[in-house]
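Notes for the one structure printed next.
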Amino acid sequence: RPRVLSGIQPTSDSFHFGNYLGATRQWVDLQRDHQPFFFIADLHAITVEQDPKVLRERTLRAAAQLIAMGIDPARSAIFVQSHVPEHAQLAWVFNCLTGFGEARRMTQFKDKSAKGGEGAASVGLFTYPILQAADILLYRPHYVPVGEDQRQHLELTRDLAQRFNSRYKKTFRLPEPYILKATGKIADLQDPTSKMSKSASSPSGIIEMLDDPKVSAKKIRSAVTDSEAVVRFDPETKPGVSNLLTIYSALTGESVQALEEQYAGRMYGDLKKDLAEIVVGFVTPFRDRTLELLDDQSYLTQVLAQGAATAREVAEATLRDVYQRVGFVAPP
Ligand code: TYM
């Protein structure tokens with residue numbers, strides 16, 4: 001079975017709809033006929049300052065949310081990145097294969113370091129995509145299900161795989177990004193030309209999966225639209241309405257075209273009211289299940305231990321090959 005791998009950062013109390021519709025929902029689908037590795041990227045999280053206690057809590061919350069979403073620990077290895085030391089070890093090798101200018105071209109570094117200026121950003125933030133390449137290549141996956149914002153990191157990953165393979169010996173598979181056209185970029189509800197993001201300007205633009213469902217319903221109802229008052233999908237000129245249609249279609253399985261017909265001649269208020277109900281129906285059981293899982297930390301710990309053991313078997317074998325090929329003497 002082809003392998004899939006992906007990761008998510010534990011940098012907020014809740015995943016949001018962008019994470020879910022853009023990425024983790026595909027994890028759930030792909031686990032059925034692939035060999036899946038899914039991890040919580042705590043090494044990536046500390047590229048910006050984190051409160052240690054909060055980071056620990058959020059890591060467990062992330063595990064609970066993944067399981068509540070439908071990632072099945074019996075099918076998928078669910079693990080914490082720092083539990084598999086080979087990620088950091090392979091990242092060092094790739095650091096030495098990456099050009100300084102090449103790393104500098106990564107746009108997420110530019111975005112994330114923009115606020116405090118480059119000087120204030122950590123070196124870890126700078127080398128973040130190189131660690132991500134290591135995360136991926138260690139497992140030799142066929143597909144990496146992510147949102148559109150990760151495309152550039154996937155390109156670097158493929159470049160590094162190719163470089164290593166040609167400099168030493170064929171070691172890595174070139175992974176394919178698995179990015180859905182429909183939901184690869186879910187927009188902010190208040191600023192629909194930007195992606196929904198934890199670092200967004202206002203919390204009212206993000207639907208958090210673990211928010212009180214009433215709050216999420218309200219956010220949908222107050223989403224920014226336009227003054228045309230026609231329910232029509234056109235991301236260029238009608239980003240707000242198009243985003244609502246994308247979310248609606250993704251949650252119900254109805255096509256965007258069918259929705260346009262269904263809401264022909266009706267007001268935005270109707271669309272929002274219906275979508276708010278759909279969202280409430282979706283997040284309520286998810287939230288209940290997550291909270292239930294968080295009550296049983298010994299179960300979560302056991303899932304993560306099992307996941308790390310499965311992951312390490314693969315990661316150790318890859319790192320052994322790499323160390324041998326770069327010319328390290330085998331340890332005694
Ligand atoms: P992170 O934690 O920011 O986001 C997790 C996943 O959610 C996707 N995503 C979105 N998709 C659509 N619309 C949005 N508005 C939206 N916002 C977020 C992201 O694309 C991502 O797939 N660098 C990664 C974590 C990572 C990783 C990896 C991923 C570390 N190592 C190896 C894949 C493979 C990140 O920060 O994702």
Somewhere in the stretch 77-92, is a residue under 24 Å from LEU291 (Cα atoms) and touching a Pro at 6+ places or on another chain (Cβ under 6 Å)?
no
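Can you tell me which residue in the stretch 133-148 is nearest to the ligand (Cβ to nearest atom), limited to those that are under 20 Å from SER197 (Cβ atoms) and aliphatic (A, V, I, L, M)? Show your work before the answer.
As a first pass, look at the stretch 133-148 and keep what is under 20 Å from SER197 (Cβ atoms): 144-148.
Imposing the further condition that a residue be aliphatic (A, V, I, L, M) reduces the set to 144, 146.
On the way: VAL144: 5, VAL146: 3 Å.
So, considering only residues that are under 20 Å from SER197 (Cβ atoms) and aliphatic (A, V, I, L, M), the one nearest to the ligand (Cβ to nearest atom) is VAL146.
Are there helices (runs of 4 or more DSSP H) fully within the stretch 78-186 with at least 3 residues that are of a type in the set (Val, Ile, Thr)? List them. Give the derivation first.
Working: elements: 86-95, 100-104, 107-113, 123-137, 151-167.
Output list reads 123-137.
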Pull out all pairs, ordered by first then second residue, where Cβ-Cβ is under 7 Å, the residues are six or more apart or on different chains, the first lies in the stretch 241-264 and is aromatic (Phe, Trp, Tyr), and the second is not in a helix (DSSP H, G or I).
TYR263/VAL231
Assuming ILE130 fulfils every condition listed in (1) of a type in the set (Val, Ile, Thr); (2) touching a helix residue (DSSP H, G or I) at 6+ places or on another chain (Cβ under 7 Å); (3) more than 11 Å from the ligand (Cβ to nearest atom) apart from one, which condition is it?
(3)
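Which ones in the stretch 1-23 are assigned to a helix (DSSP H, G or I) and more than 7 Å from the ligand (Cβ to nearest atom)? Write out each step before concluding.
At the first step, the residues of the stretch 1-23 found to be assigned to a helix (DSSP H, G or I) are 17-23.
Scanning the stretch 1-23 gives PHE17, TYR20.
For residues that are of a type outside the set (D, E, K, R), under 18 Å from ALA308 (Cβ atoms) and in a helix (DSSP H, G or I), tally how many sit in the stretch 41-64.
Taking the stretch 41-64 and keeping what is of a type outside the set (D, E, K, R), we get 41, 43-48, 50, 52, 54-55, 59-60, 62-64.
In the following step, the residues that additionally are under 18 Å from ALA308 (Cβ atoms) were identified as 41, 43-45, 55, 59-60, 62-64.
From what is left, the residues that are in a helix (DSSP H, G or I) are 43-45, 55, 59-60, 62-64.
Selection size over the stretch 41-64: 9.
Each reported figure results from applying straightforward, stated rules to the coordinates on display, with no laboratory input. These figures come from a predicted structure and were not determined experimentally. Glycine also receives a Cβ, built like all others from the backbone with ideal geometry; neighbour counts cover every protein chain displayed.
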